[in-house]
There are 4 protein chains.
Amino acid sequence: MLGKTRWVIPEGYIPDAGSHADNPALRSHEAACILNAGDQDAQLTLTIYFTDREPAGPYRVEVPARRTLHLRFDDLYDPEPIPRKTDYASVIESTQPVIIQHTRLDARTGELALLSTLAYGED
Amino acid sequence: MLGKTRWVIPEGYIPDAGSHADNPALRSHEAACILNAGDQDAQLTLTIYFTDREPAGPYRVEVPARRTLHLRFDDLYDPEPIPRKTDYASVIESTQPVIIQHTRLDARTGELALLSTLAYGED
Amino acid sequence: MLGKTRWVIPEGYIPDAGSHADNPALRSHEAACILNAGDQDAQLTLTIYFTDREPAGPYRVEVPARRTLHLRFDDLYDPEPIPRKTDYASVIESTQPVIIQHTRLDARTGELALLSTLAYGED
Amino acid sequence: MLGKTRWVIPEGYIPDAGSHADNPALRSHEAACILNAGDQDAQLTLTIYFTDREPAGPYRVEVPARRTLHLRFDDLYDPEPIPRKTDYASVIESTQPVIIQHTRLDARTGELALLSTLAYGED
């Protein structure tokens, strides 16, 4: 079983959509790229932490067996959307071992900037 | 023996080739940079995971003893090429301990954007 | 209890403020993004290391229970500001387990460049 | 004692110096950012691995107690310079525990692109 069941992304910030706002692939966004390499579907629960209020969530997503999900934070609406231009952090818990990488695309000034890192995993 | 035998890169996405499509070094691409610092040749097997279909592979590559291989995902053709503009993730298994780092160059808008992270390793 | 109590960011460098110097969100900066997912407030102590002088600090910050703090290094003034255009590194110790990610925004040439990585954690 | 004594950076590539070739801070380069937070000077040995030849080295550097060294790979000359536009990887061994982060600045197309990741550490 490859992976861990708890993951943390301390750096969260969805910039202004930027100059490519009409293009989902090119407008500013953040993603948690999740791999479930196992043979059991994984049920994931996200909690979003902020600077000055209690956490939001739980947000629930499924990553089926042998599938990857590149989860965009600007696609999360239930129980509430994640505001742009706001510092946040996320904890993701899974019923099955998974592996998670964090990526941001920042298109505020026209050209693209990218960052990515493996998230912090624990069991 | 430095390294681990199983590695995961959850974030995979090969953007449009972009404005430098004729230049292999500057067109958009992703790479798994692999170091085999040991004295035995390493046989590696890649499996590529997708959002909505069964995994592709195995892809097979060798990294000789005391060598590095910067493996470009757009150079993988057997058993099938990895489509551009498609979310994927990869698991790499090796007969010898290796160390793997993931890098993307995104040239879609003309200027370059880069991301990189150490992959997730386990034995 | 999710996280670790000691973290290291070896790469520190605050570039020139750049072409967006009047906009705090867009001028060049570095941040340590810290999540305290626990139920106890965390007291953190930063020590800043340099190339050719003794370390500066301690700098003290608090991250309350269930909160994230995206700590900008250009907001640290006590006991002394961190100079721009100077190589440094940081060690962050916490009374409670936390998770830390390092991010830099470089706006020197007009467009943005970003880098990020999980910091190095130990107990 | 914070850190580990063996570190690996699998992804090495020094791009063309680019449009800021006269400015050491802005021309394309790679660095291994090393922190020695301990009270003993650390003696480090670098070995550089290539795709199609035997490794180069050892390169030797010292990181004094309580100091950081942002070591640029384009400043390594002894026993031989590291060629630009060539895939390489590096292993760094230290007499004392240290922590290492890898950064590249790519200025080939005029604007800057950055990547960074914690290196892979083992004892």
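The values are calculated or read from the model by the stated rules, or taken from the named source; none is laboratory data. Treat the numbers as computed from the prediction; the structure is a model and nothing was measured. All Cβ positions, even for glycine, are placed from backbone atoms using ideal geometry, and neighbour counts span all protein chains on display. Calculation scope for accessible area: heavy atoms of the full protein, side chains included, ligands and nucleic acids excluded. Shrake-Rupley method; radii C 1.70, N 1.55, O 1.52, S 1.80 Å.
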Residues that are open to solvent by 20 Å² or more (accessible area, probe 1.4 Å), assigned to a strand (DSSP E or B), closer than 15 Å to A:Leu69 by Cβ and at pLDDT 95 or above, drawn from segment A:1-43 | A:Gln43
Restricting attention to segment C:112-123, the residues that are over 15 Å from the mean Cα position of the chain (by Cα) and surrounded by 23 or more Cβ atoms within 10 Å (Cβ to Cβ) number exactly 2
Would you please name the residue that is nearest to the other protein chains (Cβ to nearest Cβ), looking only at residues in segment A:80-102 that are open to solvent by less than 10 Å² (accessible area, probe 1.4 Å) and of a type in the set (Ser, Thr, Tyr)?
-> A:Tyr88
Does D:Ile48 satisfy the condition of being at pLDDT below 95, touching a Ser or Thr at 6+ places or on another chain (Cβ under 9 Å) and either more than 14 Å from chain C (Cβ to nearest Cβ) or open to solvent by 30 Å² or more (accessible area, probe 1.4 Å) (or both)?
-> no
Candidate set from segment D:81-112 (those that are out of contact with any Gly (no Cβ under 7 Å at 6 or more places or on another chain) and basic (Lys, Arg)); member that is nearest to C:Leu105 (Cα to Cα) = D:Arg104
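Suppose the filter is assigned to a strand (DSSP E or B), out of contact with any Asp or Glu (no Cβ under 7 Å at 6 or more places or on another chain) and either without any contact (Cβ under 8 Å) to a residue 24 or more places away in the chain or of a type in the set (Lys, Arg) (or both); does B:Arg60 pass it?
yes
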Qualifying residues in segment B:70-79 (those that are surrounded by fewer than 23 Cβ atoms within 10 Å (Cβ to Cβ) and in contact with a Ser or Thr (Cβ under 9 Å, 6 or more places away or on another chain)) - the one farthest from the other protein chains (Cβ to nearest Cβ) | B:Asp74
Looking at D:Pro55, is it surrounded by fewer than 19 Cβ atoms within 10 Å (Cβ to Cβ), over 24 Å from B:Leu115 (Cα atoms) and within 7 Å of another protein chain (Cβ to nearest Cβ)?
-> yes
